[in-house]
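For reference, the structure is listed below as structure tokens.
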Amino acid sequence: MNNLMIPALNSPAELQALLAAIVSSSDDAIISKSLDGTVRSWNPAAQRIFGYSAEEIVGKPITILFPPDRLDEEPKILARVQKGERVDHIQTIRLHKDGHPITVSVTISPIHDANGRVVGASKVCRDTSATSALEGRFKAIVSSSDDAIISKNLDGIVQSWNTSAERIFGYTSAEMIGQSITVLFPQDRLDEEPKILEQIRRGQRVDHFETIRRHKDGRSIDVSVTISPVRNAAGQVIGVSKVARDITSIKRNLREREALLARETAARAEAERLGKMKDEFLSTLSHELRTPLNAILGWANVLRSSDNPEDLQEGLETIERNARAQAQLIDELLDMSRIINGKLRLDLQSVDLAAIVASAVDSVRPAADGRKLRLTKLLDPKAGPIIADPNRLQQVLWNLLSNAIKFTPAGGRIQVLLQRVNSHIEITVADTGQGIPRDFLPHLFARFSQAETSSSRRHGGLGLGLAIVKSIVELHGGSITASSPGPDQGATFIVSLPLAAAHERRDDSPVHPQAEPLNTPLSDLPNFDGYRVLVVDDEPDARNLIQRILLRCHATVSTAGSADEALELVRRNRPHLILSDVGMPGQDGYQFLSRVRALPHSQGGDTPAVAITAFARSEDRRRALLAGFQMHLPKPVEPIELIAIVASHHNSHRRAESRS
């Protein structure tokens, strides 16, 4: 601080003149008064601040400036002055000449005579009205702020606490002032305060620091904090000012938005994956359907122009083999559709599992032998019987064994193990083939999934077989797992079935006889001589095929390409049996049969009918039976199965004739 330089004075008069000049030029009111409170002197600043001239105030009591509610201050002040005490910086209110209040800061000192006795008082008043107004506005701003505004000392002790701090954190000012600010800190954030105070002591400001604080009720609050050092007039850091904004809702909205964005991104990725999978599946489906079709059409053209008996035999075998491959693909698609829609039905009964496993192994042994694979089975005689659908279990085993044969190179081994383990039965199919990549194992049983999807893949198929296997096993109350040490190290599939998979439940709907492919000698076929059959189908090839099969059994066969034509033949020829397609233009098979059933008995209204259709779902079968068909035969038609169905009706007809 700079020292005031006073020139050397030659006499007391000069000193008195200098002091008078200082008092006269001061911005503060400098007043002297006697010990009874009478004004003795009054400088120009006093006149400016309070409005009274020296002539008006000198000789008057100083209490002329006091509001009525402050009159008790003067006796207390004079009592202290008479004791020789100094009164520093009293913040109080005085009155202007026009009556308006003035906020002042007053310092009062005793005046001593030459002997040291107190003979009066010197009073310095500073008008702090503007400062007080500013402080009032500041307090109003702090009080009305939506943010928590808090001050604390350099030890982290709270010194002020506004209304929003109470609203945000739940503590009142009475509860927080004098307490450590760390009351608001979660345990895992306590190390933040020493770091913050260290920065503040260095005079650094902490801007928009996002952190977590704790409400009085214990819940967490996301806050954005700005922390500034508080300095005194000398520039020294003496405290901390802290502004905290509650950003909990902002953070929550941001997290929700990020979560929504993540879900949308995942959904988009999943949609892209499914779209890619669909494209790959359609490409695979096209390839798998066209491949056998190419062989069928190719050999049909060869046979049309060849008289070679060897060509005929090889061509027929190739056409039959590829047609069955196509039928297998279609069956897989239908099975998957039933599974997806929850309509796959099981014909549950008590079965000898060892016999089913042995039969499945025997059915694939020729394929294994053809690839020079060693196929062995080990069957536990105590494993069974269980309640299951024998045909569906056969399908499961055939699929697993076919895959093992497909993916095991020549000279490899395949082992089938059936054993009882505690309260369940395990069927293990293990091979020494190409194995399963570790990253593909989680997707192995997913629909349409294949480890190889490119056009250069080594093995065919739609990628549905294992998905169907898993669904069938789970419908039996069991489970299936797959494991593989890695590429070229083989794979192991384990089917686990409970000893009592389910209560026996049968589908009461009529079922048609099952049969093997037609390989019966002509001499062993049944004779339908005199038995009239009407074949209805809008496809000429389908009509002609059924007609040729039945003509070999000497049936009398008439054909129709539409519902109207067929209805006329029913009236005219009175067939013993109707074999009708369902999907036909104009009027379908259901509408046709409805018209037949509307006819009187004399015109064939009660003629037995069998639906022969490419609509092969379980709901299609139920619809056909409800429409009045006695049986439902899905295409492609097995000749011997068709003959067995016709034979069943033929025998019923013969028995009815013999009774009449």
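Among the numbered conditions (1) closer than 19 Å to L35 by Cα; (2) surrounded by 13 or more Cβ atoms within 10 Å (Cβ to Cβ), the only one that D72 does not meet is (2).
Residues checked against (1) over 40 Å from the mean Cα position of the chain (by Cα); (2) within 17 Å of I494 (Cα to Cα):
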| site | (1), (2) |
| --- | --- |
| D362 | yes, no |
| A367 | yes, no |
| L379 | yes, yes |
| L397 | no, yes |
| T408 | no, no |
| I414 | yes, yes |
| L417 | yes, yes |
| E426 | no, yes |
| D431 | no, yes |
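Residues in the range 263-286: is at least one closer than 21 Å to K635 by Cβ and either polar (S, T, N, Q) or at pLDDT below 75 (or both)? Within the range 263-286, one or more residues are closer than 21 Å to K635 by Cβ and either polar (S, T, N, Q) or at pLDDT below 75 (or both). Do you know which of the residues in the range 340-357 that are modelled with pLDDT of 70 or more and not in a loop (DSSP other than H, G, I, E, B) is surrounded by the fewest Cβ atoms within 10 Å (Cβ to Cβ)? Looking at the filtered set, the residue picked out is S350. Working only within the range 45-63, note down all residues that are open to solvent by 70 Å² or more (accessible area, probe 1.4 Å) and either touching a Leu at 6+ places or on another chain (Cβ under 9 Å) or closer than 20 Å to T107 by Cβ (or both). Scanning the range 45-63 gives Q47, R48.
Yes or no: the range 593-604 includes at least one residue that is in contact (Cβ under 8 Å) with a residue 24 or more places away in the chain, within 21 Å of I546 (Cβ to Cβ) and in contact with a Ser or Thr (Cβ under 8 Å, 6 or more places away or on another chain). The answer is yes; a qualifying residue exists.
Scanning the range 216-243 for residues that are touching a Lys or Arg at 6+ places or on another chain (Cβ under 8 Å) and among the hydrophobic types (A, V, I, L, M, F, W, C) yields a total of 7.
Among the residues of the range 618-657, how many are among the hydrophobic types (A, V, I, L, M, F, W, C), modelled with pLDDT under 85 and part of a loop (DSSP other than H, G, I, E, B)? Residues meeting the conditions: 1.
Yes or no, residue by residue, for (1) open to solvent by less than 20 Å² (accessible area, probe 1.4 Å); (2) among the hydroxyl-bearing types (S, T, Y); (3) part of a helix (DSSP H, G or I):
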residue	(1), (2), (3)
G530	no, no, no
V535	yes, no, no
L550	yes, no, yes
H554	no, no, no
S594	no, yes, yes
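Among helices (runs of 4 or more DSSP H) entirely within the range 150-223, having at least 2 residues that are surrounded by 16 or more Cβ atoms within 10 Å (Cβ to Cβ) singles out 163-169, 192-201. Beta carbons closer than 7 Å, at least 6 apart along the sequence or on distinct chains, pair a first residue in the range 305-328 that is over 13 Å from L293 (Cβ atoms) with a second that is open to solvent by less than 90 Å² (accessible area, probe 1.4 Å) for D311/V302; D311/L303; L312/L303; G315/W299; G315/V302; G315/L303.
The C-beta contact set for the range 113-125 (first residue within 13 Å of W42 (Cβ to Cβ), second residue part of a strand (DSSP E or B) and open to solvent by 50 Å² or more (accessible area, probe 1.4 Å), distance under 6 angstrom, 6+ apart or interchain) comprises S122/I111. S562 - would you say it is open to solvent by less than 70 Å² (accessible area, probe 1.4 Å), of a type in the set (S, T, Y) and at pLDDT 90 or above? Here the answer is yes, as S562 does meet what is asked. Does L599 satisfy the criteria of being within 26 Å of E568 (Cα to Cα), in a loop (DSSP other than H, G, I, E, B), open to solvent by less than 40 Å² (accessible area, probe 1.4 Å) and aliphatic (A, V, I, L, M)? The answer is yes for L599. Looking at the range 358-394 only, could you name the residues that are basic (K, R) and under 14 Å from V416 (Cα atoms)? Scanning the range 358-394 gives R365, R374, K377.
Could we say that K372 is touching a strand residue (DSSP E or B) at 6+ places or on another chain (Cβ under 9 Å) and open to solvent by 50 Å² or more (accessible area, probe 1.4 Å) here? Taking the combined requirement at face value, the residue does not satisfy it. Every listed requirement among (1) out of contact with any helix residue (DSSP H, G or I) (no Cβ under 7 Å at 6 or more places or on another chain); (2) assigned to a loop (DSSP other than H, G, I, E, B); (3) not basic (K, R) is met by G605 save one, (1).
Looking at the range 248-257, can you tell me whether even one residue there is in a helix (DSSP H, G or I), in contact with a Phe, Trp or Tyr (Cβ under 8 Å, 6 or more places away or on another chain) and in contact (Cβ under 8 Å) with a residue 12 or more places away in the chain? No, the range 248-257 has no match at all. Go through the residues of the range 358-381 one by one and say whether even a single one is part of a strand (DSSP E or B) and either small (G, A, S) or touching a residue at least 60 places away in the same chain (Cβ under 8 Å) (or both). Scanning the range 358-381, I find no residue that is part of a strand (DSSP E or B) and either small (G, A, S) or touching a residue at least 60 places away in the same chain (Cβ under 8 Å) (or both), so the answer is no.
Within the range 460-476, does at least one residue satisfy the condition of being modelled with pLDDT of 85 or more and surrounded by fewer than 17 Cβ atoms within 10 Å (Cβ to Cβ)? Looking for residues that are modelled with pLDDT of 85 or more and surrounded by fewer than 17 Cβ atoms within 10 Å (Cβ to Cβ), one finds at least one in the range 460-476, hence yes.
The values are calculated or read from the model by the stated rules, or taken from the named source; none is laboratory data. No experiment lies behind these values; they were computed from the predicted model shown. We place every Cβ from the backbone using ideal geometry, glycine too, and count neighbours over all the protein chains shown. The accessibility values were calculated without ligands, DNA or RNA, using every heavy atom of the protein model including side chains. Shrake-Rupley method; radii C 1.70, N 1.55, O 1.52, S 1.80 Å.
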